[in-house]
1. Give me the distance in nm between label points sitting 7 Å out from Cα along the Cα-to-Cβ direction at residue 38 and residue 68, one decimal.
2. Take residue 61 and residue 47, extend 7 Å from each Cα along the Cα→Cβ direction, and tell me the distance between the two endpoints in nm.
3. Would you calculate a helix-derived [θ] at 222 nm for the chain, using -39,500 (n - 2.57) for each DSSP H run of n ≥ 4 and dividing by the full residue count, to the nearest 500?
4. From the mean inverse distance of alpha carbon pairs (Kirkwood) and the Cα radius of gyration, derive Rg over Rh for the chain.
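No lab work stands behind these numbers, since they all come straight from the coordinates. If you're wondering where the values come from, they're calculated on a predicted model, not measured in any experiment. We place every Cβ from the backbone using ideal geometry, glycine too, and count neighbours over all the protein chains shown.
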């Protein structure tokens, strides 16, 4: 089972994650965040296959992915 978490306060709504997701799990939110952007949000999380492409492509490092309990955040630490 996979789970995607998006930090909406970090996201600037570039939509790169939405475009790269092969399952179409991510979408743009209808509400703005505290910085005035429309961040990405998880649509149907059950479709996530855990490829982590969204987290890899995110320039704001706003996405974390868990695949079978293993946490991936791509912070480069």
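1. Taking the simple label geometry, residue 38 and residue 68 are separated by 3.7 nm.
2. Between residue 61 and residue 47, the label points sit 2.9 nm apart.
3. That comes out to -2500 deg cm²/dmol.
4. Dividing the radius of gyration by the Kirkwood radius yields 0.94.
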